[in-house]
Amino acid sequence: MKPRIAILISGGGSNMISLVNAIKYNKINALPAIVISNNSNAAGLDKAAELKIPTRYIDHRKFSGNREAFEKRLHNLLQDEKIDIICLAGFMRILTKSFIDQWNNKILNIHPSLLPKYKGLNTHQRAIDAYDKISGCSVHIVTSELDGGLVLGQRTVDIESTDTAKTLAEKVLIEEHILYPEILNKFINDRYMK
Ligand code: GRF
């Protein structure tokens, strides 16, 4: 049985599109069951609908800071959809340990740096400020340590002296769109197809 994937987004959703397209072209052995956003305005929701993927949003602001209540709603939706694997793709909410424990080893994330370098935000500016010569992206398993779980794969880009955070982000994003489908497919083949 192909695992059912939920893709969680907060914004533009370009990584979501790369995952859905890879699944559609049989490069990933999976079913793209649902795209969920914490933000009703996420441009990625319309793009997912255009790709004929069911979409839902759960507005975290309606939970007035009650993270557990937000996550309970999210967890219930994921269970209703019989989700096997959660792919975070630009999902800008930190998940609690108790949520992550419920989905132990079933949540992947893509992060725009060569982890363990530059966990958290503003990764591109931090790499430039440190005069790094290379940067890149990582796909990792999500644990309760922010951007700290096992790294499953990385791709690199050169940082040129003319790069800004914006140009570096654009270069890294191209690599993200290659890396995430590759690693998700490998993850599924290793764990679900044996
Ligand atoms: C990507 O750079 C991803 O690594 C980071 O957030 C960005 C999301 O971009 N976590 P998109 O919404 O997939 O276009």
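The values are calculated or read from the model by the stated rules, or taken from the named source; none is laboratory data. What you see is a predicted model; the values in this text were computed from it and never measured. Glycine also receives a Cβ, built like all others from the backbone with ideal geometry; neighbour counts cover every protein chain displayed. Please note that ligands, DNA and RNA were not included when accessible areas were found on the heavy atoms of the full protein model with its side chains. Shrake-Rupley method; radii C 1.70, N 1.55, O 1.52, S 1.80 Å.
Quick look at the values:
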| item | result |
| --- | --- |
| Where F63 falls short, out of the listed (1) touching a Phe, Trp or Tyr at 6+ places or on another chain (Cβ under 9 Å); (2) modelled with pLDDT of 95 or more; (3) hydrophobic (A, V, I, L, M, F, W, C); (4) more than 24 Å from V172 (Cα to Cα) | (2) |
| Qualifying residue in the stretch 52-66 (condition: closer than 24 Å to S138 by Cα, within 16 Å of the ligand (Cβ to nearest atom), touching a residue at least 12 places away in the same chain (Cβ under 8 Å) and hydrophobic (A, V, I, L, M, F, W, C)) | no |
| Whichever residue in the stretch 76-109 is free of Cβ contacts under 8 Å to residues at least 60 places away in the same chain and surrounded by 20 or more Cβ atoms within 10 Å (Cβ to Cβ) and, among such residues, is nearest to the ligand (Cβ to nearest atom) | N109 |
| R73, sole failed condition from (1) open to solvent by 40 Å² or more (accessible area, probe 1.4 Å); (2) touching a residue at least 60 places away in the same chain (Cβ under 8 Å) | (2) |
| In the stretch 1-19, residue farthest from N185 (Cα to Cα) [restricted to those that are surrounded by 24 or more Cβ atoms within 10 Å (Cβ to Cβ) and β-branched (V, I, T)] | I9 |
| Qualifying residues in the stretch 110-134 (those that are open to solvent by 20 Å² or more (accessible area, probe 1.4 Å) and touching a residue at least 40 places away in the same chain (Cβ under 8 Å)) - the one farthest from the ligand (Cβ to nearest atom) | I128 |
| Pair list, Cβ < 6 Å and 6+ apart or interchain, from the stretch 154-172 residues that are without any contact (Cβ under 8 Å) to a residue 12 or more places away in the chain to residues that are among the hydroxyl-bearing types (S, T, Y) and within 15 Å of the ligand (Cβ to nearest atom) | none |
| Hey, R155 assigned to a strand (DSSP E or B) and either of a type in the set (D, E, K, R) or surrounded by fewer than 17 Cβ atoms within 10 Å (Cβ to Cβ) (or both) or not | yes |
| Top-ranked residue in the stretch 22-36 [being open to solvent by 50 Å² or more (accessible area, probe 1.4 Å) and in contact (Cβ under 8 Å) with a residue 60 or more places away in the chain; ranked as farthest from R73 (Cα to Cα)] | K27 |
| Matching residues, the stretch 1-58, being touching a Phe, Trp or Tyr at 6+ places or on another chain (Cβ under 6 Å) and farther than 13 Å from A89 by Cα | P3, S40 |
| Single residue of the stretch 111-166 satisfying the filter (closer than 30 Å to F99 by Cα and of a type in the set (V, I, T)) that is farthest from the chain's Cα centre (by Cα) | T123 |
| Subset of the stretch 164-194 (residues that are away from the ligand (no atom under 12 Å from the Cβ), among the aromatic types (F, W, Y) and assigned to a helix (DSSP H, G or I)) | F187 |
| The lone exception for N39 - which of (1) modelled with pLDDT of 95 or more; (2) surrounded by 14 or more Cβ atoms within 10 Å (Cβ to Cβ) it fails | (1) |
